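Below is one structure; the comments refer to it alone.
The values are calculated or read from the model by the stated rules, or taken from the named source; none is laboratory data. Everything quoted here is computed from the prediction, not taken from an experiment. With ideal geometry, Cβ positions are generated from the backbone for all residues, glycine too; neighbour counts draw on all protein chains shown.
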Amino acid sequence: MMRQRSAFDFNVDNAWQVFAQTRKPEGRDPEKLRLMKIELQKAIEKYRKAALKDFPDYFINKKMPKDFLTERKFSNNLPNVSPRQWYSSLERMRAHQLKQAFEDSLSGLKMPQTDNNLIITDVGSRSNFFGSLMGHENKNQKWQLIDIKDYGLPARAEAKGLFQQIEPFSELPKSDIITLNSVMHHVGEDEKPLGQYDDKKISLFLKKIHNALPEDGLVVVTEDYVGKNKVEEPYNNFIKGVDSLFYPDSLGNQKPVKEWIDFFRNSGFTLEKELYPVHFNVVGFPVVESCLVFRKNNMEGN
Ligand SMILES: C[S@@+](CC[C@H](N)C(=O)[O-])C[C@H]1O[C@@H](n2cnc3c(N)ncnc32)[C@H](O)[C@@H]1O
């Protein structure tokens, strides 16, 4: 009988696929790649065991393990792969997860009306992998990538010319749809010491998002899921979560879904859809994100 594939197998294959893609052609010698795949599988097994040890502490005793393994640290188990290469592979993998979440979020919704190609802006684009992947695959859409920092463009030639660095809270380019992936809980971080936030900045940021959209414009938001009505302590998903990839030193300004929805409602948006996709990280742990789609309201009379 055929063994059923587990989430773990899936992630080894996935991780391998994205990793192999990032190798330069001269590094794609089949025998070397075969050996590296074995190395990767062994490292994932080892890491998974270590992570499993942390799990009871975290989920049952609700204690933060002293030295939990982030995916970034995982690269130490791969002698032939630099942390930078591994990190870049993870960001690529994340781009594919975001693509799926974006398409599922918009499916069945009325698109903003325009005579031209839809203009879609990924705000907080960081590595730019997501936006350049989308721009590459959807020639009938115009993708723009915006961030307050320039983390360096990926090798993908298509990303050239799409990225623009802006000052925090400046006006955004006109867009039919805006995506905010794992951005909301970092808003204001550039101005205050890490870990301190001013919620007024969230409203200011949402005003800029509102200004950039037409009357029927959409915003697609993904956030770490940390609870529906209140933040569950400790954050259920953070430990092996998506964000541990990016900011292992700061959890950011995490809020329950209800509060994010309230911020958008108070800033002139209506919730059109909410989804809770489960993403598996490299070692196969489930991480829940919330995907919220908002439509701009007509603010007249508000
Ligand atoms: C956790 S990263 C998310 C990267 C990517 N969107 C993803 O989901 O993989 C958050 C990004 O938001 C950016 N950011 C924070 N505050 C911002 C602001 N006020 N305007 C635009 N981008 C901002 C940060 O520079 C960072 O690149």
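One table, with the values for the structure above:
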read-out	value
Within segment 176-193, considering residues that are within 12 Å of the ligand (Cβ to nearest atom) and either in contact with a Ser or Thr (Cβ under 7 Å, 6 or more places away or on another chain) or of a type in the set (Val, Ile, Thr) (or both), the one nearest to Glu103 (Cα to Cα)	Thr179
Total residues in segment 55-113, condition modelled with pLDDT of 85 or more, basic (Lys, Arg) and within 16 Å of the ligand (Cβ to nearest atom)	1
Residues (farther than 19 Å from His210 by Cα, touching a Lys or Arg at 6+ places or on another chain (Cβ under 9 Å) and more than 10 Å from the ligand (Cβ to nearest atom)) located in segment 114-129	Asn116, Asn117
Criterion violated by His185 - all others in (1) part of a helix (DSSP H, G or I); (2) surrounded by fewer than 21 Cβ atoms within 10 Å (Cβ to Cβ) satisfied	(2)
Strands (runs of 3 or more DSSP E) contained entirely in segment 243-302, each with at least 3 residues that are at pLDDT 60 or above, surrounded by 14 or more Cβ atoms within 10 Å (Cβ to Cβ) and touching a strand residue (DSSP E or B) at 6+ places or on another chain (Cβ under 9 Å)	269-275, 286-296
Candidates Phe169, Phe163, Phe205, filtered to the one that is under 17 Å from Gln141 (Cα atoms), within 12 Å of the ligand (Cβ to nearest atom) and surrounded by 16 or more Cβ atoms within 10 Å (Cβ to Cβ)	Phe163
Test result for Lys208, among the charged types (D, E, K, R), over 26 Å from Pro173 (Cβ atoms) and either assigned to a strand (DSSP E or B) or at pLDDT 85 or above (or both)	no
